[in-house]
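The values are calculated or read from the model by the stated rules, or taken from the named source; none is laboratory data. Fair warning: this is a prediction, and the values are worked out from it, not measured in the lab. Here the Cβ is made from the backbone with ideal geometry for all residues, glycine too, and neighbour counts use every protein chain on show.
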């Protein structure tokens, strides 16, 4: 058997199979990385938000607590017994009208408990009113003004009493006379507003006010409720004979100076959410302290059962365009006397700039077109070039008055350099930031009120950058 000849493979070159490049996969990875980068950049960068300009106002008001002083007097119960009222708290009564009755034995009290139809029950609307007052109190209560808690308690007690009085005195007379129950009815000696909140300060006058009154030490408001036992000679109600009343509050030296020459103010009552005009006087009481006295002609009935009333004096109420403070920025402009401005026949505006020859042999002038932002009675406000390529006059240029090209004295030449900052915002109606001047007239911690219809200003419904620190003049902004 012949031997198998072995082939020589020493000269054979082996080819390594390289993986084939997948172009589609590469493109996909590039797009994927681009999307990831774009999303990351969008999430991590400061977001430029816009604000739509609206008409609004800012109200400045100082909050105080005053003591209410009225033409009022307490009326004592004619005898002891269980008291029942015919007049609701805060209602006006005529002289000679029935105000309350006294049941000396308590038989009428027992009869009313067995016949609740003779007394009023709270309606759903009245219950909702009490709930609303409690809700308002919980939202506005502050620990720093704890005494307000007692004012609300007294007010709610009086309201509940008002809603549960005897419904009709004539109906009661016809019923109880048949069963032999004796009681006495008491009539009002004077016409006025009846209140069942009595605190012993019904005779208080503005001159008798002292600083101790506002500390409320030992202060107590007594409210006689229907059906309660009352002793003869103790106050059963008070009668207020005038709709005019005072609110007296303490003032320090700073407030005295502030209000000394102000005699008419607007007062806001947050508890009732009402406003009223009042006459203001600053005076010194018998204790030597200074007080403010507000003379009121409205809302006496609403506060007849309160001795201490919270209120605010509105000292300013400005209307205009309302903007967030974060939108306000400043921009510097060259100020050049407007006598130096040149207006060419083609409508272009600028200045004649003085040029000194390199060899010092003389000077010439050239017209430099410049962006003039605004003109007032004295100056042109000229945009400061941000780069050397931008046209316009520059720092340390000398400009010459028109027609005075040969003049070099101070009256005919002006050295460009002084700048003035104008307040403004960035308008983005066109998709890029444009500086617009504003004239502030009032502000608080969050917003500013600016004048309407100003030159180079803004208008209602314009879109401005909400945070001016995130952008620059001319920057593109996508809304």
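Residue count for the range 414-471 satisfying the condition of being in contact with a strand residue (DSSP E or B) (Cβ under 8 Å, 6 or more places away or on another chain) and either more than 23 Å from residue 59 (Cα to Cα) or not assigned by TED's automatic domain parsing to the domain that holds residue 353 (or both): 30. Could you look through the range 435-445, keep only residues that are in contact (Cβ under 8 Å) with a residue 40 or more places away in the chain and over 16 Å from residue 316 (Cβ atoms), and pick out the one that is surrounded by the most Cβ atoms within 10 Å (Cβ to Cβ)? Checking each candidate, the answer is 438. Residues that are in contact with a strand residue (DSSP E or B) (Cβ under 6 Å, 6 or more places away or on another chain) and assigned to a helix (DSSP H, G or I) within the range 55-111 comprise just one, 109.
Residue 425 meets each of the listed conditions (1) closer than 30 Å to residue 463 by Cα; (2) surrounded by fewer than 19 Cβ atoms within 10 Å (Cβ to Cβ) apart from (2).
Checking 387, 469 one by one, the residue that is exposed (fewer than 15 other Cβ atoms within 10 Å of the Cβ) and over 30 Å from residue 365 (Cβ atoms) is 469 and no other.
How many of the residues making up the range 270-318 are within 22 Å of residue 253 (Cα to Cα) and out of contact with any strand residue (DSSP E or B) (no Cβ under 7 Å at 6 or more places or on another chain)? Number satisfying all stated conditions: 3.
Within the range 179-191, residues that are farther than 16 Å from residue 84 by Cβ and assigned by TED's automatic domain parsing to the domain that holds residue 238 sit with their Cβ atoms under 7 Å from residues that are at pLDDT 80 or above and exposed (fewer than 15 other Cβ atoms within 10 Å of the Cβ), at 6+ positions apart or across chains, in these pairs: 189/95; 190/95; 190/241; 191/94; 191/95.
Evaluate the range 404-425: report whether one residue or more is more than 16 Å from residue 341 (Cα to Cα), in contact with a helix residue (DSSP H, G or I) (Cβ under 7 Å, 6 or more places away or on another chain) and not in a loop (DSSP other than H, G, I, E, B). Checking the range 404-425: at least one residue is more than 16 Å from residue 341 (Cα to Cα), in contact with a helix residue (DSSP H, G or I) (Cβ under 7 Å, 6 or more places away or on another chain) and not in a loop (DSSP other than H, G, I, E, B). Going by what's in this entry, would residue 213 be described as part of a helix (DSSP H, G or I), under 30 Å from residue 276 (Cβ atoms), touching a strand residue (DSSP E or B) at 6+ places or on another chain (Cβ under 7 Å) and modelled with pLDDT of 90 or more? Answer is yes for this residue.
Residues of the range 92-103 include at least one that is in contact with a helix residue (DSSP H, G or I) (Cβ under 8 Å, 6 or more places away or on another chain), modelled with pLDDT of 70 or more and within 19 Å of residue 305 (Cα to Cα).
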